[in-house]
């Protein structure tokens, strides 16, 4: 378990460090989106054989719900992910916080985060069912993250990940938004897990 938690720690640190690091450098929306996507791809390529490379508490909770992660690993994984995100955020001095657009209502922002996290988790289930190699999984998930970040980043920051928000926001005036992003992203991933379970149940009955 210790080795798996270290993998989640460093995988999440890579994702937050590279993604938010591009924000610190003043990159464009496209470059920032690609940075997050590439970082997720690299993290999965390196750490998927060790821990599954969830690098996202919402993903770990969804995988527990669908039977892909044992109950005893959920809390250690989440703590490792939050710690990795905090470590990376401290290194880049908290730059890259996740915030809501002034043009978005709280309700609309909630729908966006639930939807994009649901889409991300659904795509993970889809590729995991169809691929036998972690290489194809890494590039597919990284691509999905980049696309969602590009199209929805200007609305809510496109968190899709409680850890991605927790680290940078902890060091800023946006710490009060951490519960919002935690709840909405977990809800989105949970819905995907429930649909996955129902799909499998119907498949077994037929």
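A few points about this structure:
- Qualifying residue in the stretch 62-75 (condition: more than 14 Å from the chain's Cα centre (by Cα), crowded, with 24+ Cβ neighbours inside 10 Å and in contact (Cβ under 8 Å) with a residue 12 or more places away in the chain): no
- Qualifying residue in the stretch 148-171 (condition: more than 23 Å from residue 23 (Cβ to Cβ) and either in contact with a helix residue (DSSP H, G or I) (Cβ under 6 Å, 6 or more places away or on another chain) or assigned to a helix (DSSP H, G or I) (or both)): no
- Hey, residue 116 touching a residue at least 24 places away in the same chain (Cβ under 8 Å), out of contact with any strand residue (DSSP E or B) (no Cβ under 7 Å at 6 or more places or on another chain), within 19 Å of residue 16 (Cβ to Cβ) and outside any helix (DSSP H, G or I) or not: no
- A single member of 84, 96, 67 is outside any helix (DSSP H, G or I) and under 14 Å from residue 161 (Cα atoms), and it is 96.
- Considering residues of the stretch 6-27 that are out of contact with any helix residue (DSSP H, G or I) (no Cβ under 7 Å at 6 or more places or on another chain) and either closer than 26 Å to residue 48 by Cα or modelled with pLDDT of 95 or more (or both) only, the residue surrounded by the most Cβ atoms within 10 Å (Cβ to Cβ): 21
- Whichever residue in the stretch 28-50 is over 20 Å from residue 116 (Cα atoms) and surrounded by fewer than 24 Cβ atoms within 10 Å (Cβ to Cβ) and, among such residues, is farthest from the chain's Cα centre (by Cα): 28
- Residue within the stretch 103-123 that is closer than 22 Å to residue 49 by Cβ and buried (at least 20 other Cβ atoms within 10 Å of the Cβ) present: yes
The values are calculated or read from the model by the stated rules, or taken from the named source; none is laboratory data. Given the structure is predicted, the values throughout are model-derived calculations rather than measurements. Cβ: placed from backbone, ideal geometry, glycine included. Neighbour counts: every protein chain shown.
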